[in-house]
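First up is the structure itself, then whatever we jot down about it.
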Amino acid sequence: MIPLYPHVKFNFWSEINTKYTFLNSARSALYLIAKKYNNHFFLIPAYTCPTVLHALKQAGVEYNFIDIDNNLDFDIKDLSYMLEKYNNKDIVLVPTSLFGFKTRDYKKKYPDIIVVEDRAQGFIDSKSSADFQITSFGKGKMISGFGGGAIYDINSILTKKLQELGQSNEFYKSFLFAFLQKIISRVWFLLEGTRYDPEQSKKLDIDVIKPYRLSKLKRVWILNTLKNSNFSHRTKISNYYLQNIDKKYLFEQKKGIPYLRLPIKKDIKYSGLSKMVDFHETFIEALEKRGKELVGARQVLNSTCLPAHDLVTLEYAKKIVEIINE
């Protein structure tokens, strides 16, 4: 996944109060949760980033997959089946906000289940009742801080453990990379989806996960970026796609949301378009574990992702819509 044009405000001196704990990555946050609930059984989407698998495997927990529906949320029938199948186990459910899609509030529906909302591709939702929410500030995310994540622990279950973690002094490298990214993003955007795409790997290689807290400078920098960023352009482009693309190519997306990317049910190639090739790793393992076809996950896996970031002009969006509908 290439780094998109970042919403970076170079402010790292204005302190902001927060209920989030900032870590080196979202997978570190999930890893810590999995270590805490290492006697639980984890249920995750059949279409998700393989870093989720890596975190669960390194934590040594059991897990299985659930198919997804046209809303890119858990398929309710498949979820019910899996909950019944593992009704003798304590469950941790990991609903995922894919591309920024809304997810159901599963904690209200299943109050006895631990719910960990994976919002690495979106934002933490203060209205959610989930036990934990995690998000990412890595490359290609809504806020690209070149490494970093956050965990919102609504019941302060991990407070002591998080406080015991070491703290990184790294900041200036991320700051420099973000600055350079603003320069190279225009070229990178044009290459994405072409044969010159600089990132065509189909498997993410993840080192041993070693959680630590971010430095104060980097934490404050990210918080100020979150506070000051305007996602109206991303929302405008997303809305244009949704209003003008033939409905047969769309998933059940709602308007008025700043999507990270917009998946469509058509295989097309054009500069700036992408496919989540890394997600194949998760899907293949899901097929093996479930021993059945996972229709919803496969449909998203085969989709083409439309960009919605700040480099996407209305003229570009019109051209993409024209290609899709022809």
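What the table shows:
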| read-out | value |
| --- | --- |
| All positions within the range 22-36 that are part of a strand (DSSP E or B) and touching a Phe, Trp or Tyr at 6+ places or on another chain (Cβ under 8 Å) | Leu23 |
| Residue check for His309: at pLDDT below 95 and in a helix (DSSP H, G or I) | no |
| Positions within the range 290-323 being within 13 Å of Lys269 (Cα to Cα), free of Cβ contacts under 8 Å to residues at least 60 places away in the same chain and either surrounded by 17 or more Cβ atoms within 10 Å (Cβ to Cβ) or of a type in the set (A, V, I, L, M) (or both), in sequence order | Ser303, Thr304, Ile323 |
| Index of the failed condition, Ser274 passing every other in (1) touching a residue at least 40 places away in the same chain (Cβ under 8 Å); (2) over 19 Å from the mean Cα position of the chain (by Cα) | (2) |
| Leading residue by the ranking (farthest from Arg119 (Cα to Cα)) among those in the range 230-262 that are touching a Lys or Arg at 6+ places or on another chain (Cβ under 8 Å) and part of a loop (DSSP other than H, G, I, E, B) | Phe251 |
| Candidates Lys227, Lys203, Lys173 - the one that is at pLDDT below 80 and in a loop (DSSP other than H, G, I, E, B) | Lys203 |
| Evaluation of Glu326 against (1) in contact (Cβ under 8 Å) with a residue 24 or more places away in the chain; (2) more than 29 Å from Gly147 (Cα to Cα) (one fails), failing number | (1) |
| Tally of residues being touching a Gly at 6+ places or on another chain (Cβ under 6 Å) and outside any loop (DSSP other than H, G, I, E, B) across the range 270-303 | 1 |
| Some residue of the range 97-120 being surrounded by 17 or more Cβ atoms within 10 Å (Cβ to Cβ), touching a residue at least 40 places away in the same chain (Cβ under 8 Å) and polar (S, T, N, Q) | no |
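The values are calculated or read from the model by the stated rules, or taken from the named source; none is laboratory data. These figures come from a predicted structure and were not determined experimentally. All Cβ positions, even for glycine, are placed from backbone atoms using ideal geometry, and neighbour counts span all protein chains on display.
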